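Participant: So that we are looking at the same thing, I have put the structure below in structure tokens.
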């Protein structure tokens with residue numbers, strides 16, 4: 001009897017329960033998780049809620065701050081020092097009610113901007129489709145003997161296609177550098 005693979009609603013908020021032992025329990029998969037697992041769920045786009053099993057208190061903010069603190073302690077700069085300093089200052093001033101709203105709107109604008117760049121990436125940059133075709137030809141040329149795992153419509157490249165792929169390598173590098181330059185200017 002084969003094990004049945006469960007599917008989960010990736011748009012639903014993932015409920016994590018914290019036990020008295022401080023272990024975190026994923027109610028969706030019925031197993032224990034770490035802070036790094038939770039960070040991974042969030043990076044994948046999941047909304048997460050962490051609650052204390054006994055009291056029912058929402059601990060999500062506390063754990064999200066702990067994830068950020070752990071990244072900072074490993075030398076992964078999450079926020080610039082001046083932003084962290086301003087956040088601390090905002091807790092001791094009368095403008096503290098403005099700061100969370102400002103940060104939320106700033107991140108929403110950033111997310112929206114990234115989505116627009118990705119949606120317009122193929123249509124707004126000249127030569128993007130040609131670059132994609134060149135990259136595909138290059139990959140086919142480089143994977144000449146690996147056709148069996150690449151799908152039924154894949155065929156080994158002809159000698160002239162391989163030669164063309166090699167000639168186009170310089171052009172691909174040039175166009176990739178141009179795209180990287182344009183992307184850096186967009187950010």
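Participant: According to the square roots a ≥ b ≥ c of the eigenvalues of the Cα gyration tensor, what is the shape class of the stretch 10-105, taking rounded for a/c under 1.5, prolate for a/b larger than b/c otherwise, and oblate for the remainder?
Facilitator: Prolate.
Participant: For a footprinting-style exposure proxy, rank 46, 22 by other Cβ within 10 Å, fewest first.
Facilitator: Result, fewest neighbours first: 22, 46.
Every number in this text was worked out from the coordinates using simple rules, so none of it is lab data. All figures in this text were calculated on a predicted structure; none of them were measured in a lab. Counting neighbours? That spans all protein chains shown, and the Cβs are built from the backbone with ideal geometry, glycine included.
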